[in-house]
Amino acid sequence: MNSLGQPTIAIQNLDFYYGQGNLRKQTLFDINLEINAGEIVIMTGPSGSGKTTLLTLIGCLRSIQTGSLKILGQELAGASKEQMIQIRRYVGYIFQAHNLLKSLTAKQNVLMSLELHSIAIAQTHQQAETMLTEVGLADRMDYYPANLSGGQKQRVAIARALASHPKLVLADEPTAALDKKSGRDVVEVMQKLAKEQGCTILLVTHDNRILDIADRILYMEDGRLASQSGTLALTEG
Ligand code: ADP
Ligand code: MG
């Protein structure tokens, strides 16, 4: 899959509904959005406005209903389960709860994600160690999640998400459970790795203190998307 010259994410006229029959309720309204390779985009907006719903559609965790959504040029409208699974290989996910497996060490958690990518075993160990070193956990590789702080656990989750060099990283409130300093550290690590790897990041957050890492800020309200001129206007002068 080659993403050169095409947006990482391209969405046109996307609506989304939860429920059936009388309970059917529209959650997303006419979403139009393009995100280019290498961009770091933050999506913010009130709770219940549809941010997570949009993220799960972009991440192929849920099927789209109407409109067009292309990831790395691949259309998700009418895509088969196999096609969706295929596209998920190019996506790294980071959630509010780090979702580490408690019975595995930091390194084993990162290894697990690499094993899904049919890479040679020796190389997966090397890659897991490199990633954990990059996120500042060289001396914590063999620790279990119970013995890591909240910020350290989230950094393991970042190492896990980025170890396979995904083209797109989707992060849903990754700093929500962290104090100010660890939250900041975590997004800075994410930003650094994304710039090194050239991957695209779409990050949902309520955390105003991290908005400055974005190339562009989007605002979601009542299922509709509006972009904010914010940092873009500032950086482009
Ligand atoms: P946000 O992430 O911005 O807080 P969500 O995408 O989680 O918003 O939710 C948007 C709306 O969709 C809310 O009204 C929420 O109650 C509803 N919703 C979310 N998930 C589901 C679901 N699985 N089934 C039905 N309604 C849902
Ligand atoms: Mg949410």
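Within region 2-23, the presence of at least one residue that is within 16 Å of ligand 2 (Cβ to nearest atom) and outside any helix (DSSP H, G or I) is confirmed.
Rundown of residues vs (1) farther than 18 Å from GLY92 by Cα; (2) touching a residue at least 40 places away in the same chain (Cβ under 8 Å), yes/no style:
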{"site": "ASN13", "(1), (2)": "yes, yes"}
{"site": "GLN20", "(1), (2)": "yes, no"}
{"site": "ILE64", "(1), (2)": "yes, yes"}
{"site": "LEU72", "(1), (2)": "no, yes"}
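Hey, could you check region 23-41 for residues that are charged (D, E, K, R) and open to solvent by 50 Å² or more (accessible area, probe 1.4 Å) and say which is nearest to ligand 1 (Cβ to nearest atom)?
We begin by selecting, within region 23-41, every residue charged (D, E, K, R); these are 24-25, 30, 34, 39.
So of that shortlist, the ones also open to solvent by 50 Å² or more (accessible area, probe 1.4 Å) come out as 24-25, 30, 34.
On the way: ARG24: 10, LYS25: 7, ASP30: 15, GLU34: 21 Å.
Restricting to residues being charged (D, E, K, R) and open to solvent by 50 Å² or more (accessible area, probe 1.4 Å), the top hit is LYS25.
Quick one: would you say THR44 is β-branched (Val, Ile, Thr), within 16 Å of ligand 2 (Cβ to nearest atom) and surrounded by fewer than 19 Cβ atoms within 10 Å (Cβ to Cβ)? Talk me through it step by step, then tell me what you get.
Values: β-branched (Val, Ile, Thr): yes; within 16 Å of ligand 2 (Cβ to nearest atom): yes; surrounded by fewer than 19 Cβ atoms within 10 Å (Cβ to Cβ): no.
It is false that THR44 is β-branched (Val, Ile, Thr), within 16 Å of ligand 2 (Cβ to nearest atom) and surrounded by fewer than 19 Cβ atoms within 10 Å (Cβ to Cβ).
The residue that is nearest to ligand 2 (Cβ to nearest atom), counting only those in region 53-62 that are touching a residue at least 60 places away in the same chain (Cβ under 8 Å) and within 14 Å of ARG88 (Cβ to Cβ), is LEU55.
Could you tell me whether ILE64 is modelled with pLDDT under 95, open to solvent by less than 80 Å² (accessible area, probe 1.4 Å), not acidic (Asp, Glu) and not in a strand (DSSP E or B)? When the stated conditions are applied, ILE64 does not pass them.
Scan region 152-180 for residues that are among the charged types (D, E, K, R), more than 13 Å from ligand 2 (Cβ to nearest atom) and at pLDDT 90 or above and jot them down. Explain how you work it out, then say what you get.
Taking region 152-180 as the starting set, the residues that turn out to be among the charged types (D, E, K, R) are 153, 155, 160, 167, 172-173, 179-180.
Going one step further and asking which of them are more than 13 Å from ligand 2 (Cβ to nearest atom), we end up with 153, 155, 160, 167, 179-180.
Hits for region 152-180 are LYS153, ARG155, ARG160, LYS167.
Selection of region 91-114 for residues being crowded, with 19+ Cβ neighbours inside 10 Å and at pLDDT below 80 yields only HIS98.
The values are calculated or read from the model by the stated rules, or taken from the named source; none is laboratory data. This structure is a prediction, so every number in the text was calculated from the model and none was measured. Methodologically, a virtual Cβ is constructed for each residue, glycine included, from the backbone with ideal geometry; neighbour enumeration extends over all protein chains shown. For accessibility, only protein heavy atoms count, side chains too; no ligands or nucleic acids. Shrake-Rupley method; radii C 1.70, N 1.55, O 1.52, S 1.80 Å.
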